[in-house]
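Here is the structure we will look at.
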Amino acid sequence: MSVLGIVISSSYKIVFAITCILIFCRTSFCEGKPIQFENLRFGSDPSRNSITCIMQDKEGFIWFGTKFGLIKYQGSSSRTFFFDNKNPFSIGGNFIRDIQEDKNGNLWIATSDNGISKYIKKTGKFEHLNLQTHFVDRPNINQVWAIQIIRKENTEVFLFGTAEGLVRYDVSKNTFKLFDTNNSPLPDNFITDLYFDSNQRIWIGTNNGIIIYDEQENEFNTRTILSSIKEFIWRIREDTDKNIWLGTRAKGLFKVDKNLKDIEVVNKKNHSLTDNRVLDVFIPTGTDQIFIGTWEGGLNVYNTKTKKMDALSLRDGLSSTSIISFFRDRSGIIWIGTEAGGVNYIYPNIRKFQSIQIAPSATMDFLRVDDKIWIATTTDILIKSDSSNVLIPFNRLYPDVKLSDNNIQALAKNRNGEVFIGTFWGGLNVLNLKDKKTTQLLPNTKVTDVLIDSRENIWAATLSNGVFEFSPSLKLIDHFTKENKSLTTNRVTVLFESRDKSLWIGTNGGGVSIVSSKTKNTTKLNVENNLLSNNFITSFYEDSNGIIWMSTNGGGIVKYDPNKNISYSLTELDGLAGNNAEGIIASDDSSLWISTTNGLSKFNTSSKTFLNYFKEDGLLDNEFIFGAVFKENNTIYFGNRNGFSFFYPEQIENNNYIPPVYITSINVVAKHSYSNVDISDLKSIILNYTQNAFTIKFVGLNYIFPSRNKYMYMLEGLDEHFSIENTTNEATYTNLDPGTYKFLVKASNNDGVWNPIPAALNITITAPFWKTVWFKILVGVFILSIIGFLIWFKISHLLQIERLRLKIARDLHDEIGSTLTKLSMNAGLLEYEKEEEKIITRSKRLQSISREVIGMMSDTVWSIDTRNDHLEDLVDRMRNHVANLRIDTNIEFIFNSDISDKNEKLSIQKKKNILLIFKETLNNSIKYSKSNIIEISISGSHSKITLLIKDNGIGVAEDDFKKGNGFRYMQMRAKEINAELQFKTKNGFEIKLIA
Amino acid sequence: MISIGIIEDIDEIRDSLKEFFFLQNEILCEIAANSVESFLQQTKNNTNFNLDLLLLDIELPGISGINGMYLIKERFPNLEIIMLTVYEDSDKIFRSLQAGANGYLIKTTPFPQIAQAIFDLYKGGSPMSPIIARKVIRFFSPSKAKKSSTKLTPKETEIVQYLVDGQSYLRIAELLGNSVETIRHHIKHIYTKLQVSSKAELISKNYKIGL
């Protein structure tokens, strides 16, 4: 997703073309050491590789303005910003001319195609400043070539050099003022460069001359020698003496003295400037040199004292002949922008090692002979004189010497001037340097090493025949082999004499045998007796404490204390460059240098840390060959497969620049990737629980071999300590629990110099709502309330049941009690009846009351029975009752029912009460109204039942009716079920019940 | 001739009672109302009525029997009241005794016994069933003692205790060496004390509540 037209390049896109061509420096800048130019390119587009301006922001990032976009460089990667018409926040123009940083850390970018863009650091977005809106009648005012920001007490004043004149923007007043040829003494409207010198003078370079605006006096200063300059001014720069240097388009370089009285010209004619078109000038402090960038004449270096000019071009390692910008960053790197060649950069001592290439050789040995060094290889002895790096074959210097074999494995020399040459196929040659005569010892033996001990005895190690010891007169004294138990194997590779005069024998697979000088007994050190980490010994070294250091092929290095008989090994895990250690030696500062097949290690014996060096540091190759190590005075030599590397240990300077470290992005692995462009300003970030997996990228801003920057990081809240150091500049975390964390990262530069202060980012992962405390509380409350509700419901249900029981009981009690009382009283009175008629009446009454009781019981039981819950059932019971009445009386009963909602249930109370009212009404009708037709209609649904009963009788007296028990009874029943009871007593008795 | 009144809401029961009393020579039923309201209405000018005793139904619609008792007692302070009830609900009965009833009758009691009970009551207090007797004892138990006037005398307590045991008046009279009349008189006195002390308590309770 190109949100801002950003192209995120990672290191594979940036091509490091490291040119490793050695040159001899011809200027005093290098002080005897060669300049090496490193090159950095951005893709293949030549416009993007034309670097017009370079600056470093407050944080330490390097910004390159190119002809096609703006690049933010951070060492391991870079980002390019260019105009994207779909994105309103992209940079306004592509042809960058100048970049300046204001006090808030935002960048102001001058483009000559589309005005000024302001880069807001916090958001990573660009704002466009269209000058034409302020100066409508100036069509070219958005061609901006230069910006200068002048700091005032609380505010800033911006100067924009445009093609229509100089715009002065005062932030505090928000005013834009244009100075052009009409209203000012500007020599031309086309402003090419601006410079604010240490004397508070604004130098304004134009197409046709230069003028000063004095900021203190607030006026243009026209009374200077500058008016004589009528050139296109490319660049204005100030030197440490406050003189101003001007690069012109056709007349070379001008130097204006600080008093503005004098102009000195440096050009092709008088100073051998290669090209009079000077695009930029760089004056390094503390030297007498001026770097001059020319249009096609490459880089000129002018010495102001000697007035000498040096020209550097492609063959010196520059990537282009067109040098158009310079910049020196805070770590001391000098960046050199070119046209179409990307950017070159130089750093003193970026290369620590030198090397000489020769024909490939599997082994190598070194010997100092007079003023020369002899280098033994598998094809020849090469001789190097101290004054030059040229190697001369052996037979050039010693044409009359015939060696038994040219595969030279070892060299040694005794005090008499005899050189002992161990060969692979031809045994040991003894060469007398004076008479050039040779003697052969051990013919047909593969001699791997030769050593002259402190008694001048000669020791020869062989590949299949153990070790021979000769007297100075070349008589064989001793022979150490496997067979005579002095060695574990006959394949011997290296010999060494320690200060106590013991002879150390290193073998290929058999560990070490130590021959004691006094007793001639051999002590063995090997893997089997736990005194070595590996049995393939390549080299020995004894330090000032008598500790013997051994390099092994596969087991790193071993440190052995002969007095305590304890050994200790150091391997890759401890930081050694490789476990195949080929040679070991110490420099005078008691650091140990170990060559491996994977680089060169420097071991600091006090801090016990390793610093590793590689090809890019100047080594011929990362792979070294065994046993090829040599030191004399202050130079150390290590042999590679196709040459050898050498260096002066004291002169190896580390890059001591402490790199600032920033967290650059956080990429969340979620549905929507959240990638913050410029996170360097962000202190904390909040993610939700679905975003609990992310990758954090960070960078340490060291630009010398930035791929060797190392990092240590930890996530507080998850990790307990920092990770081990690693060059990977990202960290990924997954499946984090909700909570607060703090990500810390420390960085070191390529030479292991650490920034102790880590960069930090607070990360909060919010809990999903179901994990938050308040939610849990809410759930708890919810569950409790549900339980409470259920309990309440149950209780109220139980209560309801209880109430119903009580009601039923009470109903039974009341109705049946009274009815039974009636029964009892009638029965009692029966006793007193004398007349038969009355007796019969009384008895009938008794029967009737009894039946009534049964009916009541039956009704009550019926109403409780849940099978009779529906309206239908009620209607059925009514019909039943009517049927019985038909039998008992002569009245015609008409029964109509029109009911619906057959599945709804009626409550016990409602059922019963309607039934009772129904019965009571019929009772009244039958008893009192003397009717012969009673009409009953019931209609509705369970929510509204309408019962209508009317007869065609005489009705009843209203007052009587109202007073009577029956009515009160019916009213009570109706009230209990919230039913409406209407009645008519004239012209027949009528009851209407709406329930 | 004992002059009685009846308040009973169920017509048939009231009529039956009226009919029975009509057959009795010594009992004159002067008034039979179907509610307390109706009774009060009919006895507005009480010169017409000279009631000795009132049969009052406990379960009445409108003003209940117990509440009605207060109103009736206001008008006829010396009127003796017998509660009529279908069931022997001892709580209700006790409460009506506390309210001032002099006795109670189960409605389904055979008529002759009803007549007898009226005679007895007219002479003295109504018989106390063991359950009621127990309630009386509990009511007058020492833990509840407040005013001295509400305590039962030792003799009264003894009589009530015998009643709790289910002894008849005759038997109690024998045991205590008194006549049945004396026993009856004591029981009447107990009833009065019950009423008085209940009233006092009610007043004091109401006083506390602030009525």
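Throughout, read-outs are computed from the coordinates displayed, never taken from laboratory work. What you see is a predicted model; the values in this text were computed from it and never measured. Virtual Cβ from ideal backbone geometry, glycine too; neighbours counted across all protein chains shown.
Membrane-span-like helices in chain A (whole DSSP H runs, Cα extent of at least 30 Å along the helix axis, mean Kyte-Doolittle hydropathy of at least 0.5): A:773-811. A dipole drawn for the stretch A:355-651 from +1 and -1 charges on Cβ atoms has a positive end, and of A:L619, A:V390, A:T552 the residue lying farthest that way is A:T552. Across peptide A:816-823, the average count of Cβ atoms from other chains found within 10 Å of a residue's Cβ is 6. Computed as a quarter of the hull surface, the mean projected area of the alpha carbon convex hull for the stretch A:941-990 stands at 3.8 nm².
Positive-end ranking of A:S569, A:T766, A:T609 along the dipole of the protein assembly as shown, with charges on Cβ about the Cα centre, is headed by A:T766. Overall, the stretch A:231-312 carries a charge dipole of about 180 debye about its Cα centre when +1 sits on the Cβ of Lys and Arg and -1 on the Cβ of Asp and Glu, all other atoms neutral. At q = 0.16 Å⁻¹, what base-10 log of I(q)/I(0) does the Debye formula yield for the stretch A:355-651 when every alpha carbon is treated as an equal point scatterer in vacuo? Rounded to two decimals, the profile gives -1.34.
Spacing of the modelled spin labels on A:I791 and A:D737, each 7 Å from Cα toward Cβ, amounts to 3.3 nm. Computing FRET efficiency as 1/(1 + (r/R0)^6) for A:T439 and A:I392, where r is the C-beta to C-beta distance and R0 is 22 Å, gives about 0.35. The charge dipole of the protein assembly as shown, taken about its Cα centre with unit charges on the Cβ atoms of Lys, Arg (+1), Asp and Glu (-1) only, comes to about 800 debye. Look at the alpha carbon pairs under 8 Å that are at least 6 residues apart: their mean separation over the length of chain A gives a relative contact order of 5 percent. Taking other Cβ atoms within 10 Å as a rough exposure proxy, A:I816, A:I233, A:I147 sort from fewest to most as A:I816, A:I147, A:I233. The Cα center of the stretch A:264-312 and the Cα center of the stretch A:419-490 differ in position by 61 Å.
Its alpha carbons give chain A an Rg and a Dmax of 54.9, 185 Å.
Normalising by residue count, the stretch A:716-810 has a Cα convex hull of 107 Å³ per residue. Judged by the gyration tensor of its Cα atoms, with axes a ≥ b ≥ c, the stretch B:2-123 is rounded; a/c sits under the 1.5 cut. Determine the calculated [θ] at 222 nm for the protein assembly as shown from helices alone, applying -39500 (n - 2.57) to every DSSP H run no shorter than 4 residues and normalising by the residue count; nearest 500 deg cm²/dmol. One gets -7000 deg cm²/dmol as the mean residue ellipticity at 222 nm. Simple spin-label estimate for A:S198 and A:S897 gives 11.8 nm between the two label positions (7 Å along the Cα-to-Cβ direction from each Cα). Looking at the stretch A:572-655, the GluC sites (Glu not before Pro) that sit in a DSSP loop and have at most 15 other Cβ atoms within 10 Å of their own Cβ are A:E653. Peptide A:825-837 has a mean of 4 when you count, residue by residue, the C-beta atoms of other protein chains within 10 Å of its C-beta. Expressed as a whole percent, the proportion of Cα-Cα pairs in the stretch B:69-139 lying more than 16 Å apart is 49%. The residue among A:T155, A:H134, A:L194 whose Cα reaches farthest toward the positive pole of the charge dipole of the stretch A:107-238, with charges on the beta-carbon of Lys, Arg, Asp and Glu, is A:T155. Enclosing the Cα atoms of the stretch A:407-536 in their convex hull gives a volume equal to 99 cubic angstrom per residue. Going by a ≥ b ≥ c, the root eigenvalues of the Cα gyration tensor, does chain B fall in the rounded group (a/c under 1.5), the prolate group (a/b larger than b/c) or the oblate group? It is oblate, given that a/c is not under 1.5 and a/b is not larger than b/c. Panel note: the C-alpha atoms of the stretch A:231-312, placed on their principal axes, show extents of 31, 28, 19 Å (largest first).
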